[in-house]
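All remarks here apply to the structure that follows.
The values are calculated or read from the model by the stated rules, or taken from the named source; none is laboratory data. Predicted model only: the values in this text are computed from it and were never measured. Cβ placement follows ideal geometry from the backbone for every residue including glycine, while neighbour counts extend to all protein chains displayed. Only protein heavy atoms, including side chains, enter the accessible area calculation; ligands, DNA and RNA are left aside. Shrake-Rupley method; radii C 1.70, N 1.55, O 1.52, S 1.80 Å.
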Amino acid sequence: MSAINKFEGVWGERMEWDGARVRRYDGVDAAGVTENWLIGKAEAARNFAIRYYEVGVDGRTKQEAHEHDHGSVVLRGQGRVLLDSDWNEIAQGDVVYIAPNELHQLMNTGPEPLGFLCVIPAVRKKKGEKVWAEGK
């Protein structure tokens with residue numbers, strides 16, 4: 001079944017979509033991060049999932065590595081991305097490819113939120129088992 005999640009925010013200020021499933025991360029591993037599932041299990045996507053992340057000022061995503069690759073497109077703000085052992089500057093318009101099993105993390109270094117789309121496989125392996133990316 002096809003789906004459209006209409007943009008309901010204010011571009012570059014408040015990034016919101018109808019139908020998005022929202023989760024907030026705050027803690028030791030990740031701080032000031034909001035995850036918005038735009039396409040995933042709820043839309044019955046079989047090959048990929050799309051999420052929009054927003055990382056608050058001084059925030060960061062989890063530092064992790066996993067079997068699947070993914071791509072990100074920076075829509076707003078500026079920051080740094082860890083790829084294996086190297087930190088790289090990123091800003092609006094940049095596209096990042098993260099290879100399988102590569103250590104990675106995104107960090108906001110600017111005065112406004114860092115926002116990016118992230119595309120991952122819809123189904124992936126987790127602890128040797130195939131699971132939906134959205135985890136539900």
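In this structure the amide hydrogen of A45, modeled in the peptide plane, comes within under 5 Å of the amide hydrogens of G40, none closer than 5 places in sequence on its chain. Highest mobility in the GNM of the chain, judged by mean-square fluctuation with C-alpha springs under 10 Å and restricted to L83, L114, L106, is found for L83. Between R80 and V119, what FRET efficiency follows from the Cβ-Cβ distance if R0 is 22 Å, with the result rounded to 0.05? E(calc), rounded to 0.05, equals 0.60. Computed in the context of the full set of protein chains, the accessible area of the chain at 1.4 Å probe radius has 50% of its extent on carbon or sulfur. Considering only K126, K62, K41, the Gaussian network model of the chain with Cα springs below 10 Å gives its largest mean-square fluctuation to K126. Label positions at S2 and E16, each projected 7 Å from the Cα along the C-beta direction, are separated by 2.7 nm. In the context of the full set of protein chains, the chain has a per residue accessible area of 58 Å² (1.4 Å probe). Annotation: amide H of H68 within the under-5 Å range of N101, sequence separation 5 or more or interchain, hydrogens built in the peptide plane. Close amide H pairs (under 5 Å, H built 1.01 Å from N) link E134 with K41, residues at least 5 positions away or on another chain.
Comparing G27, G93, G56 in a Gaussian network model of the chain, where Cα atoms under 10 Å apart are tied by springs, the biggest mean-square fluctuation is seen for G27. Three principal axis extents of segment 1-63 based on alpha-carbon atoms, in descending order, are 38, 27, 13 Å. Within a straight-line Cα-Cα reach of under 27 Å, K6 can be paired with the following lysines, leaving aside sequence neighbours fewer than 8 residues apart in one chain: K41, K136. A simple rule links phi to the HN-Hα coupling: the Karplus curve 6.51 cos²θ - 1.76 cosθ + 1.60 with θ = phi - 60°, which for segment 89-104 gives 6, 9, 8, 3, x, 6, 10, 10, 9, 10, 6, x, 6, 8, 4, 8 Hz, with x for Gly and Pro.
Can you tell me the mean projection area, over all orientations, of the convex hull of segment 49-136's alpha carbons? Units nm², please. Value for segment 49-136: 5.4 nm².
Residue by residue, segment 10-18 carries 3J(HN,Hα) couplings of 10, 3, x, 10, 9, 8, 9, 10, 5 Hz when phi is fed to the Karplus relation 6.51 cos²θ - 1.76 cosθ + 1.60 (θ = phi - 60°); x denotes Gly or Pro. Summing charges over neighbours of P100, with a neighbour being any other residue whose Cβ is under 13 Å away from its Cβ, gives -3 when K and R count +1 and D and E count -1. Across the chain, Cα pairs under 8 Å and at least six residues apart give a relative contact order of 24 percent.
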